[in-house]
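Every number here is computed from the coordinates shown, using simple stated rules; none is lab data. Quantities reported herein were computed from a predicted structural model and do not represent experimental measurements.
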Amino acid sequence: MSEGVKTLVDVMSEQTTTLKDEIVFDEAFTLHNRTVFRAACAVVQDAGIAEDITQEVFIKLYDNMERISDEEMLKPWLIRVAMNLAKNTVRGNSRANVREEKYVKERGEFDSFTAEKEYEQRELASEVHTALDKVKEPLRSCLLLKQQGLSYKEIADTLSLTETSIGTYVARGKKEFIRFYGKIGGEV
């Protein structure tokens, strides 16, 4: 082969490889973006933040496409990254909220003009989060992922647990949540 033909073949193979990677990434995004969004939203409880986390997850996927060789592990990997990013976001937000509350207390500013219904909804959401936070891991993660519609196999792959234990974890997680929620809400 002449030098020009070799160069053309090299350029064409590079373009084909790049196109193949883009198609694989596009397919992964199309197939899994809603699942990643729902997993993030279950943890952060805010659609806007969950969208940001979803974008971060797919940026990480794009940067690490060559490391994920098994297509069956793609969805669990995406969910695990989403859950970790969401947990980190919640931790960061709770620290920021503590700082803001401290600032408000120091300044004596308090917004007393919130609507009663909005207050009740926030109070209910707060009680649910408080009860959910008291449920131990991995029960909490199993419960959240099952609520998102994942199968026991997908949950097991995501959390690196055995598939046979997931049903037990979900049932125990439900019992713990109900027990803690009843204590917070004043019911027994």
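Worth a mention:
- Set K87/K146; K153/K175; K87/K136; K60/K87; K87/K174; K87/K117 screened for pairs whose C-alpha atoms are more than 24 Å apart: K87/K117
- Value of Rg/Rh across region 114-188 [Cα atoms, Kirkwood radius]: 1.09
- Additional length obtainable on full extension of the chain from K60 to Y119, 0.36 nm per residue less Cα span: 17.5 nm
- The phi-based Karplus calculation (6.51 cos²θ - 1.76 cosθ + 1.60; θ = phi - 60°) puts the 3J(HN,Hα) values of region 135-142 at 6, 6, 7, x, 4, 4, 4, 4 Hz, whole numbers, x for Gly and Pro.
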